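A.B. asks: Structure below; questions to follow.
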Amino acid sequence: MSLNFQTKKKKVGLAISGGWIRAISAIGVIQVLEENNVPIDLVSGCSAGGGVAAAYASGSLEEFRNRFRKGSWKDYWRIIFEPTLPKEGLLKGRRTRDFFKEFFGQKDFSDLDKKLFIAVTDLSSLLPVIIEDGNLVEAVQASVSVPGMFVPVKKEDKIFADGGNFNLIPSEILYQRGAEYVIATDLTQSPNIFNKTLGSIKKAFGYKQKSFEIGAGKNPNILRLIWRAANLSSTKIDNFYSQNYNYDIIIRPDISSVKRWHVNKIDYLVQQGRQAALKSLNKIKKDLEI
């Protein structure tokens, strides 16, 4: 008599970091994982990584990539550059919202192929928020809304903006939602010199976030939002480094030469994502016993 032992499949999560246009390299990572039958059960994203994560979870990843490939830097900036009176942000964000609607339409999180988590920051309470239900376009727009640059997304008493201050690599939520193995991607750049310097000073003097953790009001002006975001970024400076996050393996494409305005490097970014994923593939398959 032969015994057939079947290995229990681990629940796998993929966390996609922020990184502006560099987040496109996560598409190459996903391609390699899928081509090699690495199952992804849950996916999370922050900032531009939230857009890629949403495209993956909704089954529109290739359309997302092709839309960037067909566009030029002029198209990219046309989507972003939509000036408004600088009350809460320099750019309206309406065109950005319309751009994401091309892929997601009126989809809610409940309509997606995979469980999705989008990391944002509530600038009213200065606390992290994970969006996992409701309108998909609204969630992605909130995630990419850099404070001061874009008008933030408001919902009830919350003011949502880029989630990088707390969850630049949103891996912990995946473990909390049942993932047993998390693959993280690091597509980021180092914090700017202002935040590095201010962060070092605050750490030296034992500065705590409490001292400025007061409500921003329902209609904060742009200067207050920028100040609160800058304070938060410098106080939470450790969150901008990948070693401070929890994951089982991290994939770092070689994309240090790519700047946020290099929209002509879409294919290069995807290829670098593929190469980095291939280097990690043997360990992933060994860990997952596949």
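A.B. asks: So, in segment 6-37, exactly how many residues are within 23 Å of Q141 (Cβ to Cβ), in a helix (DSSP H, G or I) and among the polar types (S, T, N, Q)?
C.D. replies: Here the count works out to 1.
A.B. asks: Taking the condition of being closer than 29 Å to V153 by Cβ and touching a helix residue (DSSP H, G or I) at 6+ places or on another chain (Cβ under 7 Å), how many residues in segment 29-52 meet it?
C.D. replies: Final tally of qualifying residues: 14.
A.B. asks: Another one. For segment 226-273, how many residues meet the condition of being out of contact with any Asp or Glu (no Cβ under 9 Å at 6 or more places or on another chain), assigned to a helix (DSSP H, G or I) and modelled with pLDDT of 85 or more?
C.D. replies: 9
A.B. asks: Please go through segment 146-161 and give me each residue that is open to solvent by 10 Å² or more (accessible area, probe 1.4 Å), in contact with a helix residue (DSSP H, G or I) (Cβ under 6 Å, 6 or more places away or on another chain) and not aliphatic (A, V, I, L, M), ordered by number.
C.D. replies: Those that are open to solvent by 10 Å² or more (accessible area, probe 1.4 Å), in contact with a helix residue (DSSP H, G or I) (Cβ under 6 Å, 6 or more places away or on another chain) and not aliphatic (A, V, I, L, M): P147, F160.
A.B. asks: Would you be able to say whether some residue in segment 132-145 is out of contact with any strand residue (DSSP E or B) (no Cβ under 6 Å at 6 or more places or on another chain), crowded, with 24+ Cβ neighbours inside 10 Å, at negative phi and part of a strand (DSSP E or B)?
C.D. replies: no
A.B. asks: Right, something else. Scan segment 115-131 residue by residue and report those that are in contact with a helix residue (DSSP H, G or I) (Cβ under 7 Å, 6 or more places away or on another chain) and either outside any loop (DSSP other than H, G, I, E, B) or surrounded by fewer than 20 Cβ atoms within 10 Å (Cβ to Cβ) (or both).
C.D. replies: L116, F117, I118, A119, V120, T121, P128, I130, I131
The values are calculated or read from the model by the stated rules, or taken from the named source; none is laboratory data. Predicted, not measured: the structure shown is a model, and the values here were computed from it. Every residue, glycine as well, gets a Cβ built from its backbone with ideal geometry; the counts of neighbours run over all protein chains shown. With ligands, DNA and RNA removed, areas are computed over all heavy atoms of the protein, side chains included. Shrake-Rupley method; radii C 1.70, N 1.55, O 1.52, S 1.80 Å.
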